[in-house]
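One structure below.
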Amino acid sequence: MRRICLFFAVIVALTVVSPAVFAGPSKSEAALQAKSSAKKNDRFSGFIERLWPQARARGVSRATFDAAFKGMTPDAEVIALTKKQSEFVKPIWDYLASATSSARLERGQRVMRDYEQAVAAVEARYGVDRSVILGVWGMETNFGSYTGGKDVIRSLATLASIGYRGTYFRDELINALRILEERHVARADFKGSWAGAMGQTQFMPSSFWRFAEDFDGDGHKDIWKSVPDALASTANYLKENGWRSGQPWGFEVALPKGFDYRVHDASFAEWRARGVTRADGQALPQDGQASVFYPAGADGPIFLVTSNFNVIKRYNASDAYALGVANLGDLLQGGSRIQAAWPTEDQLLAFSQRIELQRALTRLGYDVGKADGRIGSRTREALRDFQERAGLRPDGYPNRRVLEALKVN
């Protein structure tokens with residue numbers, strides 16, 4: 001249906017454009033475009049030539065190197081994506097609704113049945129809860145239904161050739177060449193995201209070398225087509241980044257009246273003594289430590305999260321992503337949806353306002369890192385401290401009320 005709609009939209013558009021549009025660029029414009037394209041290609045070719053000694057030093061053969069780059073030009077679409085700054089971030093309630101849609105849950109239930117033995121074996125070997133492994137798989141590629149259509153070598157070479165993020169993508173490119181050298185994937189199948197993330201659970205090449213597993217025992221770490229390999233690799237990634245077996249990622253809670261919002265981190269025993277209860281009615285764990293997490297402020301759903309929640313964030317630093325993984329995995333294992341209502345009427349900050357808020361915190365002496373409009377743990381910690389000093393409820397939530405308070409300080 002979407003393709004049909006797009007087709008008719010194009011037809012309608014073509015009936016109203018000026019005939020001059022069909023003439024294309026002038027000869028002089030075409031010559032300039034061709035010259036610019038040739039210059040970019042020359043720069044790209046020069047980068048590939050300079051890369052060879054570094055690749056050879058890492059064990060890449062000349063045959064693999066030449067085959068990887070044969071006939072390659074830079075990918076203009078990848079370059080454009082590096083310059084695209086999102087001016088809009090989905091409210092977390094919309095993000096989670098998409099992450100845990102009925103269609104995704106239905107697909108998740110099907111693949112759970114298809115790979116029940118593999119999931120159980122991976123969980124047993126690595127000690128990582130199957131719910132989180134499944135949650136990552138679902139969030140990254142909708143359980144393998146779309147792993148990316150970009151040529152990984154071309155994407156990484158394009159990014160490396162323009163020096164995007166320093167030498168990071170050059171190193172990732174060499175690691176990708178080593179994957180080809182050891183024949184873990186065929187050249188034609190080496191597909192992924194525009195930034196080079198690969199396989200069923202979207203590993204970067206360096207993560208492949210550190211964490212990928214040959215779980216099915218066929219001699220290849222095939223995170224593209226082998227579901228057991230992909231899931232084991234994900235579990236290994238989480239384990240090696242500090243996953244604590246037997247400890248939950250967290251859960252939704254209800255706070256008692258008169259709750260002291262200044263308390264942020266405590267043992268489960270202390271939370272229990274303070275009257276904090278689980279939203280699903282189950283008992284709090286007997287042992288362990290947890291922090292209170294307000295993804296939409298104290299007027300929305302509230303969670304206690306353990307260190308395992310931060311391990312999920314090693315996969316992707318976004319709070320929304322980690323909560324999406326956790327909630328999706330819980331639902332697949334028969335858990336309940338988030339119960340408290342989201343404060344959808346709250347006035348969310350625009351992208352420019354989030355940057356303004358971070359700059360204001362920096363002026364007050366807080367270390368929030370680069371003012372990039374992304375509200376991470378450092379910004380939340382700074383906000384909690386500022387809110388407490390300003391006599392506001394210290395939930396670390398960036399709304400217009402706290403921005404106005406920052407402006408007068």
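The values are calculated or read from the model by the stated rules, or taken from the named source; none is laboratory data. On a predicted model such as this, the values are computed, not experimentally measured, just so you know. So basically every Cβ, Gly included, is an ideal-geometry build from the backbone, and we count neighbours across all protein chains shown.
Could you list all residues from region 108-138 that are more than 22 Å from the chain's Cα centre (by Cα) and part of a loop (DSSP other than H, G, I, E, B)?
Residues satisfying the conditions are TYR115, GLY127.
Only one of GLU388, GLU404 is touching a residue at least 24 places away in the same chain (Cβ under 8 Å) and either over 26 Å from GLU140 (Cα atoms) or not in a helix (DSSP H, G or I) (or both); which?
Numbers: GLU404 fails: touching a residue at least 24 places away in the same chain (Cβ under 8 Å).
Just a single option satisfies the conditions, and that option is GLU388.
Kindly list the number of the only condition in (1) over 21 Å from ALA232 (Cα atoms); (2) touching a helix residue (DSSP H, G or I) at 6+ places or on another chain (Cβ under 7 Å); (3) of a type in the set (Gly, Ala, Ser) that fails for GLY108.
Against the list (1) over 21 Å from ALA232 (Cα atoms); (2) touching a helix residue (DSSP H, G or I) at 6+ places or on another chain (Cβ under 7 Å); (3) of a type in the set (Gly, Ala, Ser), GLY108 comes up short only on (1).
Checking SER145 against (1) touching a residue at least 40 places away in the same chain (Cβ under 8 Å); (2) under 23 Å from LEU323 (Cα atoms): exactly one of these is not met. Which one?
Among (1) touching a residue at least 40 places away in the same chain (Cβ under 8 Å); (2) under 23 Å from LEU323 (Cα atoms), the lone unmet condition for SER145 is (1).
Quick one: would you say THR344 is in a helix (DSSP H, G or I) and either surrounded by fewer than 16 Cβ atoms within 10 Å (Cβ to Cβ) or not assigned by TED's automatic domain parsing to the domain that holds SER207 (or both)?
Values: in a helix (DSSP H, G or I): no; either surrounded by fewer than 16 Cβ atoms within 10 Å (Cβ to Cβ) or not assigned by TED's automatic domain parsing to the domain that holds SER207 (or both): yes.
The answer is no for THR344.
Find the residue count for region 347-357, including only residues that are surrounded by 13 or more Cβ atoms within 10 Å (Cβ to Cβ) and assigned to a loop (DSSP other than H, G, I, E, B).
Of the residues in region 347-357, 2 are surrounded by 13 or more Cβ atoms within 10 Å (Cβ to Cβ) and assigned to a loop (DSSP other than H, G, I, E, B).
Among the residues of region 336-382, write down those that are closer than 27 Å to GLU140 by Cβ, more than 20 Å from the chain's Cα centre (by Cα) and free of Cβ contacts under 8 Å to residues at least 60 places away in the same chain.
SER336 - this is the single residue of region 336-382 that is closer than 27 Å to GLU140 by Cβ, more than 20 Å from the chain's Cα centre (by Cα) and free of Cβ contacts under 8 Å to residues at least 60 places away in the same chain.
Restricting attention to region 101-125, report how many residues are basic (Lys, Arg) and under 16 Å from ARG337 (Cβ atoms).
Summing the residues that are basic (Lys, Arg) and under 16 Å from ARG337 (Cβ atoms) in region 101-125 gives 1.
From TYR261, TYR237, which residue is closer than 30 Å to SER155 by Cα, aromatic (Phe, Trp, Tyr) and in contact (Cβ under 8 Å) with a residue 12 or more places away in the chain? Step through it out loud before you land on a result.
Numbers: TYR261 fails: closer than 30 Å to SER155 by Cα.
Among TYR261, TYR237, only TYR237 is closer than 30 Å to SER155 by Cα, aromatic (Phe, Trp, Tyr) and in contact (Cβ under 8 Å) with a residue 12 or more places away in the chain.
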